[in-house]
Protein chains: 2
Amino acid sequence: MCLVKKLADCRYHRCMYFVSNALARKMEKIAIEAWKPAGLSPSHAYLLMLVIENPGVQPMALSDELQLQPSTITRLMEKLEEKKLLVRTYEGKQTNVYPSSKGKEMLPRLRQCNAEFFLTYSGILGKDESSRLVQTMSRITDKLDV
Amino acid sequence: MCLVKKLADCRYHRCMYFVSNALARKMEKIAIEAWKPAGLSPSHAYLLMLVIENPGVQPMALSDELQLQPSTITRLMEKLEEKKLLVRTYEGKQTNVYPSSKGKEMLPRLRQCNAEFFLTYSGILGKDESSRLVQTMSRITDKLDV
DNA sequence: GTTATTTATTTGTATATACAAATAAATTAT
DNA sequence: ATAATTTATTTGTATATACAAATAAATAAC
């Protein structure tokens, strides 16, 4: 019942804190593998896809969509800009983010990595269980938003 | 349907990658709040509880139990040792970890924080949904272990 | 019209975690 | 008994993310 036989009172590895973190880390690992061919981390890749599909998008909108803090979005964009995959233009307090042509060219490859990611985890979990899991976690995350 | 109205093609925030990470981050936030009275992060607190309940435990066992890499366990222990909450003794290649008396004294408070954490999230999600979620995520994390 | 407040973004800094390499002890093979 | 391999732990370094403060523009209040 308890993974580590020697430990008394093994309830912590079945605690919400570690379980949710462990699942996220495992998914992250699968995602990192899936996006390696594109040379990007999963977060960078998703951000780039969003920018390609929504040229001129504002960091704020990216922050809402990806559920990451604005400062994290800035950091992700910095790296993608260094790699010449996107550009920021500034008008007033607002920033607009556009893909570069080099960035746009990556879209098919990015979509392929995304498909690969999906196939990997749903291959292990099954498609039904996978989509149920996403739905459940998504619903619960929204509930916790209070 | 899509949180950010302006964005076309909003499927990424419902992707396994972001959903699992977002849920973990929300739980982490709740946990951090819950353990503030003890002056410890959730990971440090769980590690300390395990050590109190299993005096002389080895880092490897803690790593298995908490599903964290050995190097992460070392880092967590370092901090707890700095705070005089635990001590490491070395015999051969093996390290044994013991709570200090100051550490042991914290147990009731730590348990109270743990209870507080549980009450907070299960208050929002309901007890049934909470325990179902832990079970589901736990089962799925194990499946992904392949 | 100037001042105060709000909003969007960035910068400085901190935390949690991991991977890979280093160390060192224990075990196995010869 | 020595050499080779395995195991446990630590150290050096990197990544992802966040919070709080700083900046700067836009809006509201007076």
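Just a few scattered comments:
- Helices (runs of 4 or more DSSP H) lying entirely in segment B:56-113 (those with 2 or more residues that are modelled with pLDDT under 95 and buried (at least 20 other Cβ atoms within 10 Å of the Cβ)): B:59-66
- Filter result for B:E91 (within 16 Å of DNA strand C (Cβ to nearest atom), more than 18 Å from the chain's Cα centre (by Cα) and without any contact (Cβ under 8 Å) to a residue 12 or more places away in the chain): yes
- Of the residues making up segment B:82-117, those that are within 9 Å of DNA strand D (Cβ to nearest atom) and out of contact with any Gly (no Cβ under 6 Å at 6 or more places or on another chain) are B:R88, B:Y90, B:G92, B:K93, B:Q94, B:T95, B:V97.
- Any hit, segment B:37-53, residues being assigned to a loop (DSSP other than H, G, I, E, B), surrounded by 18 or more Cβ atoms within 10 Å (Cβ to Cβ), out of contact with any Pro (no Cβ under 9 Å at 6 or more places or on another chain) and more than 12 Å from chain A (Cβ to nearest Cβ): yes
- Scanning segment B:54-79 for residues that are more than 9 Å from DNA strand D (Cβ to nearest atom) and within 12 Å of another protein chain (Cβ to nearest Cβ) yields a total of 8.
- Qualifying residue in segment B:51-62 (condition: of a type outside the set (A, V, I, L, M), within 11 Å of DNA strand C (Cβ to nearest atom) and more than 21 Å from B:L119 (Cα to Cα)): no
- Checked against (1) closer than 26 Å to B:L125 by Cα; (2) in contact (Cβ under 8 Å) with a residue 40 or more places away in the chain, A:R139 meets all criteria but (2).
The values are calculated or read from the model by the stated rules, or taken from the named source; none is laboratory data. These numbers come from a predicted model, not from an experiment. Cβ coordinates were reconstructed from backbone atoms using ideal geometry, including for glycine residues, and neighbour counts include every protein chain displayed.
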